[in-house]
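Below is one structure; the comments refer to it alone.
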Amino acid sequence: MELGVSELGKFAEGIVRAAGKLLLKLRKEPLELEEKADFSDLVTVVDRAVEKFLVESILERYPEHGIVGEEGIFEDERSDFATQWIIDPIDGTTNFIHNFPFYGISVGIVHKGVGIIGVVYNPSTDELFYGEKDKGAYVNGVALRLNKPIQLKEALVSTTMMWEDWRTKESVHSSIIEIYQKTRGLRMLGGAAISLCEIAKGTLNAYVMPALSTWDYAGGVIILKEAGGTITRLNGSELSLEKGGSLLAAHPSIHPDLLKIMERV
Ligand code: IPD
Ligand code: CA
Ligand code: CA
């Protein structure tokens, strides 16, 4: 692993890779699906097994750390942990179920309110994204940096805006249509965590979402920031790793243009 990566980071990377192996092994068995909030909000036995594996691995090595996980495996009610892991065992469960290779295991580590390490692993492509505060972002050890400016008309943008009550909101429709008209293309790919990493890689150039939980974006946000990306709420306000909400993540040169379009949503 490259110079400067901390012990904690190496450990996080190791358990996320191991969790990916577990996921691929379990994927070979028939998947039982369970609906959560509605028919499009799914969870599988693999989501729970991956989170359980991560929680047990973390607590064995760092019993003093806190964990916030989507599937709620960690049960300590305290909220005053100095170091907290924010875990989405599978971000993009629908893609995972459909064998659409755009999903990831996402881990963000926050120390005293500051995001310090992000690890997102896509087991189907074997790409591991890593970001550490002030030490850069990497995919499989190769540095990621958004150096070259781009224009909005060259950008490929991803969203799942047409979601829940947002799908009937007129201001959402007009903003999405404007993005569609002013960019090279608009995609609805799912997978918040991987979307953020793909922006760091330059495959996508922006991702806009009306509402997300912290586990959907914590890992990806830390990685994308280290790669030089700009991330705010849809109204331009500062993002929090403690409370979920909307997201406007983009290559820095097109973030202001997208903000102008999304602000009115
Ligand atoms: C979901 C994915 C999806 C986004 C949803 C998330 P999950 O996470 O990131 O792309 O549109 O809002 O909840 O349920 O697959 O972990
Ligand atoms: Ca998620
Ligand atoms: Ca999930």
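Would a scan of region 109-118 turn up a residue that is within 11 Å of the chain's Cα centre (by Cα) and within 14 Å of ligand 1 (Cβ to nearest atom)?
no
Condition first: outside any strand (DSSP E or B) and either more than 11 Å from ligand 3 (Cβ to nearest atom) or farther than 22 Å from Leu33 by Cα (or both). Now tell me which residues in region 72-94 satisfy that.
Residues satisfying the conditions are Gly72, Ile73, Phe74, Glu75, Asp76, Glu77, Arg78, Ser79, Asp80, Phe81, Ala82.
Residues to consider are Gly104, Gly113, Gly108; find the one that is in contact with a Cys (Cβ under 9 Å, 6 or more places away or on another chain), under 24 Å from Glu132 (Cβ atoms) and either of a type outside the set (S, T, N, Q) or surrounded by fewer than 23 Cβ atoms within 10 Å (Cβ to Cβ) (or both).
None of the other options fit; the residue is Gly104.
Being among the hydroxyl-bearing types (Ser, Thr, Tyr), open to solvent by 20 Å² or more (accessible area, probe 1.4 Å) and within 16 Å of ligand 2 (Cβ to nearest atom) is the filter here; which residues of region 65-98 pass it?
Thr94
Do you know which of the residues in region 38-62 that are in a loop (DSSP other than H, G, I, E, B) and modelled with pLDDT under 95 is nearest to ligand 1 (Cβ to nearest atom)? Break it down into steps so the answer makes sense when it comes.
From region 38-62, those in a loop (DSSP other than H, G, I, E, B) are 38-41, 62; that's our starting set.
Now drop any that are not modelled with pLDDT under 95, which leaves 38-41.
On the way: Asp38: 11, Phe39: 13, Ser40: 9, Asp41: 6 Å.
Looking at residues that are in a loop (DSSP other than H, G, I, E, B) and modelled with pLDDT under 95, I get Asp41.
Which of the residues that make up region 205-239 are polar (S, T, N, Q) and either within 16 Å of ligand 3 (Cβ to nearest atom) or on the phi > 0 side of the Ramachandran plot (or both)? Break it down stepwise before answering.
Residues of region 205-239 polar (S, T, N, Q): 205, 213-214, 230, 232, 235, 237.
Scanning region 205-239 gives Ser213, Thr214.
For region 128-142, does any single residue satisfy the condition of being within 16 Å of ligand 3 (Cβ to nearest atom) and either of a type outside the set (D, E, K, R) or not assigned by TED's automatic domain parsing to the domain that holds Phe96 (or both)? Even if it seems obvious, please write down each step before you answer.
Just the residues of region 128-142 that are within 16 Å of ligand 3 (Cβ to nearest atom), to begin with: none.
No, there is no match, as no residue in region 128-142 is within 16 Å of ligand 3 (Cβ to nearest atom) and either of a type outside the set (D, E, K, R) or not assigned by TED's automatic domain parsing to the domain that holds Phe96 (or both).
I'd like the full set of residues that are within 15 Å of Tyr121 (Cα to Cα) and either assigned by TED's automatic domain parsing to the domain that holds Glu127 or part of a loop (DSSP other than H, G, I, E, B) (or both), limited to region 191-212.
Within region 191-212, Gly191 is the sole residue that qualifies.
May I ask you to list pairs of residues, at least six apart or on different chains, whose Cβ atoms are under 7 Å apart, with the first in region 96-109 being assigned by TED's automatic domain parsing to the domain that holds Arg27 and the second being assigned to a loop (DSSP other than H, G, I, E, B) and of a type in the set (A, V, I, L, M)?
Every condition considered, the pairs that remain are Ile97/Leu31; Phe102/Leu189; Gly108/Leu241.
Kindly indicate the residue of region 208-253 that is open to solvent by 30 Å² or more (accessible area, probe 1.4 Å) and within 16 Å of ligand 2 (Cβ to nearest atom) and also farthest from Gln84 (Cα to Cα) among those meeting that condition.
Taking the candidates together, the pick is Ala211.
The values are calculated or read from the model by the stated rules, or taken from the named source; none is laboratory data. These numbers come from a predicted model, not from an experiment. Reconstructed Cβ throughout: ideal geometry from the backbone, glycine too, with neighbour counts over all protein chains shown. All accessible areas refer to the heavy atoms of the entire protein, side chains included, with ligands and DNA or RNA removed. Shrake-Rupley method; radii C 1.70, N 1.55, O 1.52, S 1.80 Å.
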